[in-house]
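Bear in mind these aren't lab numbers, they're just calculated from the coordinates by the rules spelled out. Since the structure is predicted, the reported quantities are computational estimates derived from the model, not experimental observations. When we count neighbours, we look across all protein chains shown, and the Cβ atoms used for this are built from the backbone with ideal geometry, even at glycine.
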Amino acid sequence: MTARNAKSQAAFERAGKVLVGGVNSPVRSFAAVGGTPPFIAKAAGAHVTDIDGNTYIDYVASYGPAILGHAPEQVVTAITKAASRGTSFGAPTEVEVRLAEAIAAAVPSVEKVRFVSSGTEAVMTAVRLARGATGRDKVIKCIGCYHGHSDAMLVSAGSGATTLGVPSSPGVPAGTTADTVLVPYNDPAAAKAAMDRHAGAVAAMLVEPVAGNMGLVPPAEGYLAALRELCDRHGALLIFDEVITGFRVGLGGAQGLYNVRPDLTTLGKVIGGGMPIGAVGGPAEIMKLLAPEGPVYQAGTLSGNPVAMAAGAAVLEVLAGEGVYEGLAARSAELCEGLQRAAAGAGLAEKVCLNRVGSMFCLFFTPGPVKDYASATASNTKAYAAWFHAMLDAGVYLPPGQFETCFLSAAHAAPDIQATIQAAGGALKAAANLMA
Ligand SMILES: *Cc1c(COP(=O)(O)O)cnc(C)c1O
């Protein structure tokens with residue numbers, strides 16, 4: 001009998017000879033959960049189909065972008081039309097103006113936008129802009145928040161040291177991260193202490209307003225407002241990294257949801273409709289410091305790529321329609337209530353913690369509450385791996401790692417939700433065996 005994933009296994013072996021780890025982004029390799037990743041042949045709506053012909057209900061959503069589900073008609077049409085007119089000109093286009101207008105209209109703190117090709121670039125640019133605007137070097141960053149893979153941001157909590165950043169990857173010179181100051185997430189007192197310790201030297205506090213890269217961790221009540229006040233008091237900029245949350249938790253992003261205005265905002269993922277994209281935005285007064293209006297340099301051959309712009313504009317148009325976010329939240333709530341019942345049925349009611357914000361959720365295999373990196377990493381990752389594989393076997397594709405967020409799309413319908421809850425009943429029993 002051939003394995004259910006025989007073709008993916010063969011493809012992964014072939015891939016390993018020419019691609020590092022067989023992939024182009026580490027988490028895709030299944031290193032955290034073991035096994036062979038399904039190679040995807042196609043996707044439609046809430047479902048992805050692998051090259052062996054297995055179809056899964058998808059909660060990865062390309063790690064966030066696929067908020068309308070896969071290959072939505074409006075977006076496919078926009079991409080096809082744009083591509084037929086030429087894929088890149090290195091010159092201004094109307095469609096990039098249209099997307100920038102849609103973003104500025106929706107995101108409270110954004111007047112002007114600079115498009116780039118990834119979230120990593122967006123953060124790099126925002127940090128450079130903050131340093132240029134303040135004439136200061138230090139940036140405060142939260143432990144467990146991810147801001148892309150640029151050198152200065154590739155720091156987490158290797159040690160308990162929260163004063164100076166220690167690189168979390170070989171190849172990142174200590175000097176590059178020496179100005180990155182680490183603090184725990186959801187801890188306003190720690191942020192204040194860091195700001196006081198480096199008074200007059202902090203260019204910006206950078207934060208995921210809803211943390212989505214240590215699993216999902218919502219901001220504690222008042223946390224974002226406390227950061228706003230702290231930055232104002234110290235003349236530092238507040239940067240919200242909304243690469244995940246922008247147009248995901250609402251049209252106004254997390255800043256709209258929690259009613260706190262950052263100085264700069266980074267965007268990506270959803271705004272590109274599945275095409276490579278990133279953006280930094282803010283008030284004209286700060287944005288004008290960027291070249292060509294100002295001295296802070298930034299450029300990109302494929303920035304504002306017309307195909308990506310057309311895809312993004314099509315997605316934002318659909319999202320602006322009546323009731324999209326209400327529907328997403330309602331179906332997500334229904335799913336999460338079902339997962340809680342399934343957890344109770346598996347004897348895990350007191351042993352797991354389910355966090356949700358809108359259409360983002362994460363099931364942690366720890367009692368919780370999960371409120372920061374330390375409590376997130378208390379999760380039993382062996383139990384997560386068991387849950388993950390049992391769900392995959394049952395036709396549900398979850399992120400292959402505990403410290404990622406699950407995403408619902410507008411294409412997830414009632415039968416998908418019910419099938420997922422059904423699958424979870426058995427899968428959580430498999431995980432429970434590892435948590436005795
Ligand atoms: C994904 C992500 C990034 C990096 O975006 P890329 O497009 O992968 O470079 C930055 N910040 C946050 C919060 C992200 O989730």
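The figures follow:
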read-out: Reachable aspartates and glutamates from Lys42, criterion Cα separation under 17 angstrom, eight or more residues apart if same chain; value: Asp50, Asp52, Asp58, Glu73
read-out: Anchor Lys429: lysines whose Cα lies under 26 Å away (excluding residues fewer than 8 positions away in-chain); value: Lys351, Lys371, Lys382
read-out: Partners for Lys138 among lysines (Cα-Cα distance below 19 Å; same-chain residues under 8 apart left out); value: Lys192
read-out: Proximal charge balance of Arg248 [Cβ under 13 Å; K/R count +1, D/E count -1]; value: -1
read-out: For the range 151-295: rounded, prolate or oblate by the Cα gyration tensor [a/c cutoff 1.5]; value: rounded
read-out: Check: the chain dipole with +1 on Lys, Arg Cβ and -1 on Asp, Glu Cβ, in debye; value: 680 debye
read-out: Free-standing Cys, the chain [no other Cys Cβ under 4.7 Å]; value: Cys231, Cys336, Cys353, Cys362, Cys406
read-out: Average Cα contact separation per residue, the range 73-319, under 8 Å, 6 or more apart, as relative contact order %; value: 30 percent
read-out: Extension reserve of the Glu334-Ala291 stretch, reckoned as 0.36 nm per residue once the Cα distance is removed; value: 10.8 nm
read-out: Alpha carbon centroid spacing (whole Å) that separates the range 70-118 from the range 1-56; value: 30 Å
read-out: Within-14-Å neighbourhood charge of Ala343 [Cβ basis; K, R +1; D, E -1]; value: +2
